[in-house]
Amino acid sequence: MAPRLPLTIKLTRRAVARRDLFCELVQKITKPSQAEAAFAFHAFAFKADEHTFARELLSRRTELWLFRANQRAFCGDFLAIDMSNPRRARRRAYVIELKRGMPVRIGGGAVGLQLQNADRAVKALARERGLLGDEATCVTVSGDGAGILGMFTSPRPATEDA
């Protein structure tokens with residue numbers, strides 16, 4: 001039987017600085033048995049440009065808390081919470097789905113299986129960690145990692161109504 005894993009794990013700049021530290025983070029949070037360790041790691045492992053994206057976003061936007069989504073839970077690649085507002089109800093959540101070479105789409109981008117549980121993951125961050133208000137919603141952002149980094153590091157991040 002597969003281990004019960006969280007929907008997300010919080011990433012830190014330290015954890016994404018080196019791949020071995022990321023492995024330690026996954027081990028520490030999921031606490032898998034020896035037989036389940038590979039399954040747990042692969043549920044959160046980075047593919048393609050995801051590791052570079054996470055490292056760059058965390059280094060450029062220190063007010064964002066970045067969470068790696070469980071890749072078996074269909075809630076995107078990452079969830080980001082803008083913690084710059086001290087009021088939970090006013091914080092914005094982003095569900096990020098990286099698609100190499102694709103233009104950035106805000107809202108309505110990648111849908112279907114890849115994001116079918118995104119709302120559930122955002123609600124879990126609101127309920128279990130108290131990071132967001134009870135009525136938390138999210139903005140979906142999909143596209144190439146470099147384009148999404150550009151969106152988040154421009155003077156004013158784009159929103160769904162932009």
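The values are calculated or read from the model by the stated rules, or taken from the named source; none is laboratory data. From a predicted model like this one, the values you see are computed outputs, not experimental measurements. Glycine also receives a Cβ, built like all others from the backbone with ideal geometry; neighbour counts cover every protein chain displayed. Side chains are part of the model used for accessible areas, which takes the heavy atoms of the whole protein and leaves out ligands, DNA and RNA. Shrake-Rupley method; radii C 1.70, N 1.55, O 1.52, S 1.80 Å.
Distance between the 7 Å Cα→Cβ label points at residue 146 and residue 119: 3.5 nm.
How big is the Rg/Rh ratio for the range 16-87, C-alpha atoms only, Rh by Kirkwood, two decimals?
1.00
For the range 8-153, the solvent-accessible area with a 1.4 angstrom probe is 50 square angstrom per residue. Short-range pairs are left out: with C-alpha atoms under 8 Å and at least six residues apart, the relative contact order of the chain is 21 percent.
In plain terms, the bigger the Kirkwood radius, the slower the diffusion; for the chain, with that radius from Cα pairs, at 4 °C and 1.567 mPa s, Stokes-Einstein puts D at 81 µm²/s. Counting only DSSP beta bridges with both residues in the range 8-153, the antiparallel share comes to about 75 percent. Between residue 35 and residue 13, the C-beta separation translates, for a Förster distance of 45 Å, into a calculated FRET efficiency of about 0.90. Against the empirical 2.2 N^0.38 Å (N residues), the range 71-111 has a Cα radius of gyration ratio of 1.37. Projecting label points 7 angstrom from Cα along Cα→Cβ for residue 47 and residue 88 puts them 3.4 nm apart. Taking the 1.4 Å solvent-accessible surface of the chain as the whole, the part contributed by carbon and sulfur is 51%.
Arrange the peptides 50-56, 63-69 so that the one whose residues have, on average, the most other Cβ atoms within 10 Å appears first. Can you show the working numbers first?
Working: 50-56: 18.9, 63-69: 21.6.
Going from most to least packed, we get 63-69, 50-56.
Packing-based ranking of 142-153, 70-81, 24-35 yields 70-81, 142-153, 24-35, ordered from highest to lowest mean Cβ neighbour count within 10 Å. Note on the chain: with charges restricted to the Cβ of Lys and Arg (+1) and Asp and Glu (-1), its dipole about the Cα centre is near 420 debye.
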